[in-house]
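The structure appears right after this line, and notes come after that.
The values are calculated or read from the model by the stated rules, or taken from the named source; none is laboratory data. The shown structure was predicted, so the numbers you read here are calculated from the model rather than taken from an experiment. No Cβ is skipped: glycine too gets one built from the backbone with ideal geometry, and neighbour counts run over all protein chains shown.
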Amino acid sequence: MTVYLGTHGQIELKRVFNGGELQSTIDVADVNATVKRFSFDFEHGQLVTGDQIEITSTDGSALDFINSYTDSSVKKFIFVDELDGIRLYNTFALAVAGGTANAVALATPGNAIPIKVKVETVSAKLLAQVNSFEINTERETVDTTVLSDEFRSRVNTLISGSGRISAFWEYTGDTANELPMYLFELAHRTKVGSNFSGQFYIKKSGYNPSGVSTRNDDEIWWNVEGVITAAAIQFSPDSTVQITADFITTGEIQLRMKLETPDALLQEDSGDIRLDQDSGAKLLLQQDV
């Protein structure tokens, strides 16, 4: 029998949004081209650092608050500061790092620009600093009391489980990984949703304590569509800062297994092709899964 350690598990997280849009106006005074920063009226917490957003002018005018830009729509990653000021970036990693050096250059617009903002669903990213997770598939233990009546009535028949993610707290850095602070921010979204899509791995390719060579590339994981219901930060002077996030699932939890099961390469008479080095070994056909 083989014992597997949790040190080789991981979570891949995808930001998922409910399709809601934010409507606002970028006024001339909202743009500070010197520090590459702009703002518009939106409820605090609806946009967070690392989001990829699409900004579109509702009257068809050019988004001339972006330097030398003439189109009426743009997609960029964003950094959101403590005053809800926004900087635009071309990549997720640059947005998470923040700062003015790599931000998109801005210009003072000629007039106020009415806009709508849509948050885009982007590709899955590895969740950094995870130290544990759990997934519960017992329907009767799911707690929906923390959800609003409107949301509960809409999804309670779909709930198939719940779970918890625990990670060492981190909020910034030049990284392509999703940072744990995002879980806390996700719990505060109301306009664009607290949804996420995740793959929770308990075995990844390359981790093989069994010693059986054909099991080296096996992967086993859960596919989860969920909603963050609660998040907490645990702080103690003599311990590491931890963040925990509770979630419920809004669809079927799927246990997926990618197993390397090579087939034998046969001769015309259906006999095995034996190897010269070992008469007991046979030639196998590699498959792309």
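Hey, can you tell me all the residues within region 64-91 that are charged (D, E, K, R) and either closer than 21 Å to THR121 by Cα or in contact (Cβ under 8 Å) with a residue 12 or more places away in the chain (or both)?
ASP64, LYS75, LYS76, ASP81, ASP84, ARG87
Suppose we filter ALA103, ALA124 for residues that are touching a strand residue (DSSP E or B) at 6+ places or on another chain (Cβ under 6 Å), among the small types (Gly, Ala, Ser), buried (at least 20 other Cβ atoms within 10 Å of the Cβ) and touching a residue at least 40 places away in the same chain (Cβ under 8 Å); which single one remains?
Answer to the check: ALA103.
Check GLU134 against each of (1) in the same structural domain as GLN199 (by TED's automatic domain parsing); (2) charged (D, E, K, R); (3) more than 30 Å from VAL241 (Cα to Cα) and name the one condition it does not meet.
Looking at each condition in turn, GLU134 falls short on (3).
Against the condition under 30 Å from GLY206 (Cβ atoms) and of a type outside the set (Ser, Thr, Tyr), how does ALA93 come out, does it pass? Explain how you work it out, then say what you get.
Values: under 30 Å from GLY206 (Cβ atoms): yes; of a type outside the set (Ser, Thr, Tyr): yes.
Yes, satisfied.
Do we have VAL31 as surrounded by 13 or more Cβ atoms within 10 Å (Cβ to Cβ), of a type in the set (Val, Ile, Thr) and touching a Pro at 6+ places or on another chain (Cβ under 7 Å) here?
It is true that VAL31 is surrounded by 13 or more Cβ atoms within 10 Å (Cβ to Cβ), of a type in the set (Val, Ile, Thr) and touching a Pro at 6+ places or on another chain (Cβ under 7 Å).
For a quick check of your reading: which strands (runs of 3 or more DSSP E) sit entirely within region 154-270 and have at least 1 residues that are at pLDDT 80 or above, at negative phi and of a type in the set (Ser, Thr, Tyr)? Can you show your working first?
On the way: elements: 162-168, 195-203, 219-234, 242-249, 254-258.
Those strands (runs of 3 or more DSSP E) span 162-168, 195-203, 219-234, 242-249.
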